[in-house]
Amino acid sequence: AVWAVNQTTGQAKTIAQGNVFRGGPLLVDFDKNGTLYVFENPDPTGDGRVVTLDAFGNVSPVVSGIQQWQALAIHPDTGQVYYKQDVGVLFRGSRMTGQPELFATNIGDFQAMEFNQDGTALYISATDREQVIEITGSSNDWRWP
């Protein structure tokens, strides 16, 4: 289930539950307009997806064909989906095609990433390298120092 919690009262309500998600919701993030993105577990065929979820529980697919997951970030301006596909590999999901595209490689094993407020840089916590990586542009051959 996906829950919303009122920050003033602490009261919680269910936004979506049951068969809305294949394999259950795993990760969530918002864009600057408040759109909620939910990353779903891969189904038995190994195909996961990112969807948007509105306040009424309506699900709209954004990117599909994701085989593994461990990190998710939504670009605050464009709403593009960025996610870890495998160790050291970062993909970007195209909202136009719904298909993933390679964004960066050789960035180590990471579990968390976040855009800065204006979306000009993506910060990745590379756990195996004990460092925070800043990516400020697109490159399929990005390398750490």
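No value in this document is a laboratory result; all are computed from the given coordinates. What you see is a predicted model; the values in this text were computed from it and never measured. Here Cβ is always computed from backbone atoms with ideal geometry, including for glycine, and neighbour counts include all displayed protein chains.
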(message) Going by amide H atoms built from the backbone, whose H comes under 5 Å of the H on residue 65, apart from near neighbours?
(response) 48
(request) Determine the gain in length on full extension of the stretch residue 78-residue 58; use 0.36 nm per residue of separation and subtract their C-alpha separation, reporting nm with one decimal. (result) 5.1 nm
(request) With θ set to phi - 60°, apply the Karplus curve 6.51 cos²θ - 1.76 cosθ + 1.60 along the stretch 47-57 and write out the HN-Hα couplings as whole Hz, x wherever there is a Gly or Pro. (result) 10, x, 7, 10, 10, 9, 9, 8, 5, 9, x
(message) For a protection proxy built on the mean count of beta-carbon atoms within 10 angstrom, sort 6-13, 102-109 highest first, please.
(response) 102-109, 6-13
(request) Work out the FRET efficiency for residue 8 and residue 123 from their Cβ-Cβ distance, taking R0 = 25 Å, and round it to the nearest 0.05. (result) 0.25
(request) Convert each backbone phi in the stretch 105-117 into a coupling constant with the Karplus relation 6.51 cos²θ - 1.76 cosθ + 1.60 (shift: θ = phi - 60°), then list the ³J(HN,Hα) values in order as whole Hz, x for Gly and Pro. (result) 10, 6, 10, x, 8, 9, 10, 9, 8, 7, 7, 6, 4
(message) Can you list residues from other chains, or at least 5 along the same chain, whose modelled amide H is less than 5 Å from the amide H of residue 129?
(response) 109
(request) Would you calculate the separation in nanometres between label points at residue 131 and residue 89, each defined as 7 Å from the Cα along the Cα-to-beta-carbon direction? (result) 2.2 nm
